[in-house]
Amino acid sequence: MRRLLASASIAVLAAVSGLVWVLQPPAVPVPPRENLTLSGVTLVEPGVRRLPDRRIEISEGRIARVERSASGAGGPFAGAFVLPGLIDLHVHHPPAFALGERELFALLFLAHGVTSVRDAGGLLGSVEGHARRIEAGQVAGPRVFRCGPLIDGAPPTWFTSRVVTNAGEARKAVADLDAEGVDCIKVYNGVSYEAYAALREEAQVRGLPVIGHVPRALSIVQMGDAEIQHVMGLSRDWRPVEPGRIAWYVEASRQQGAAHTPTLVAFAANSLPAERAMEAASARLLPPHHRQVLWNRERNPLVRALDHTRGAHAEQRVAQMQSAVAALHAAGVPILAGTDTGNPFVVPGASLHRELRLLVESGLSPEQAWEAATTRAGEALRVAGLGRIEPGAPADLLVFRRDPTRDLSALDSLELVVADGRAYPVEALEVALVAQRAHFEGRLRAALAGSLARLLVGFLPGPGPGADPVARGASEEPGD
């Protein structure tokens, strides 16, 4: 019997190991941090300064020196434009059991010039280990900031949320998350006014920014200097609002010192018919089971729950959000860049490029849109020098042949990505993406991943009772 059990155990272990081997994509080489000098370049810090003919020295993952180039100095990037790396402030990573997908997301971010992301609330597990592997140079990707689990009231919208029902529980939740090393606190729909006030006060004491939704029990006036996601609090059901409502919303945001991360791209992607969204070139950057299962309303109850937001209503919502963004920006309220990556049709990296374009459509200049995704975003993350190119700042920068702060079409002229002092030529990233795509679209891998995805969505109950779109107003956005 013991021999039989041992043989069975070995067989199971071998099967699991084989499955892991099949599902795990090829590793992407991570270059070491090396000294790097860029000469004869134009340094552009969006909204801050523009310095032509500069020499930028990088050492040990930091900007070591910025000075005028010597006369006649050249090099492979002479005449190029150097900007801070892009920052996506609203991301949700795949679960760890989706083998290789966190690494694929990381590669896609880098290939689109995204050198920092903030995980805005883990729904299916922590990303702490993933962030540490990137920091250690074991995985190619952007630096990862994280909020930990969502903080919600009872009943929670998502079963993985941390539930708080009073001030004491709210303070303890913030203390616990601070001890775990999170970078922010994410508030969700069901938090009470009492709990929110205590949570915000505790977070301020601990130096943790508060981001999130405007809970149902509160208004924008009661959010203080939080970073509001999705232009929430403007309308509960997203029917058209009067201009006076937008003016009130803008003035309340200005007086409270709030910032806004609108994630326009998540709503815009959701406004398209599913067939068109799946046919987009960016959708093909992710493995087939995203299109076939995870984004499929017939198979995924979460997508079905969002289906009421499609069509003319969704287009109206985007237009209303853009009107609010234009008014907020005109009033000097900080606008920040985020995408809500992880939602259907929102693709890592590519969606941040689209977010920049949507911000420009909303009235920002290309440079102001870049500011939302670099200098302002770095300030929101409270890391000295992040989003800047100055001595001592993290060495996160991008090299373009043309200036994307003048015209966003120049985004396609990206030549080099430097993330945490590691230099990734765009050609190398594109080669790695081709290898990743071949792996994820391989017949055996695609079949296994599709089966696992169908198994997963078969267990999904959809958002909890806190997400009832009519009675409770919680599913106002295409995700979280």
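The values are calculated or read from the model by the stated rules, or taken from the named source; none is laboratory data. Because the structure is predicted, anything quoted here is derived from the model rather than measured. Reconstructed Cβ throughout: ideal geometry from the backbone, glycine too, with neighbour counts over all protein chains shown. The area values use the complete protein model at the heavy-atom level, side chains included, leaving out ligands, DNA and RNA. Shrake-Rupley method; radii C 1.70, N 1.55, O 1.52, S 1.80 Å.
See the values below:
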| read-out | value |
| --- | --- |
| Dipole in debye (nearest 20) - region 342-402, about Cα centre, beta carbon charges: Lys, Arg +1; Asp, Glu -1 | 160 debye |
| Calculated FRET value between ALA384 and ARG406, using beta carbons and R₀ = 22 Å, to 0.05 | 0.20 |
| Region 40-110, accessible surface, carbon-and-sulfur percent (1.4 angstrom probe) | 50 percent |
| Cβ charges +1 (Lys, Arg) and -1 (Asp, Glu), total dipole of region 147-293, debye | 360 debye |
| Extended-chain gain in nm, criterion 0.36 nm per residue less alpha-carbon gap, VAL205 and SER126 | 26.0 nm |
| Value of D in µm² per second that Stokes-Einstein yields for region 50-92, Kirkwood Rh from Cα pairs, at 20 °C (1.002 mPa s) | 170 µm²/s |
| Average accessible area per residue (Å²) across region 38-124 - probe 1.4 Å, nucleic acids and ligands excluded | 32 Å² |
| As computed over region 104-254, the Cα convex hull volume per residue (Å³) | 134 Å³ |
| Carbon + sulfur, % of accessible area of region 165-219 - ligands and nucleic acids excluded, 1.4 Å | 46 percent |
| Extension gain, SER365 back to GLU180 (0.36 nm per residue minus Cα-Cα distance, nm) | 62.7 nm |
| Pairs of Cα atoms farther than 20 Å apart, region 107-181, % | 41 percent |
| Å² per residue, accessible surface of region 186-240 at 1.4 Å | 33 Å² |
| Cα convex hull of the chain, projected area averaged across orientations, nm² | 24.0 nm² |
| Residue range of the chain that is longest and free of GluC sites (Glu not before Pro) which are both DSSP loop and sparsely packed (at most 14 other C-beta within 10 Å) | 299-440 |
| Kirkwood estimate for region 305-457, i.e. one over the average of 1/r between Cα atoms, Å | 18.3 Å |
| Cβ crowding within 10 Å averaged over residues, with 113-121, 397-405 ranked highest first | 113-121, 397-405 |
| Distance histogram in 10 Å bins (all Cα pairs of region 184-245, percent per bin) | 22, 53, 20, 6 |
| Charged-residue dipole, Cβ positions (Lys, Arg, Asp, Glu), the chain about Cα centre, Debye nearest 20 | 880 debye |
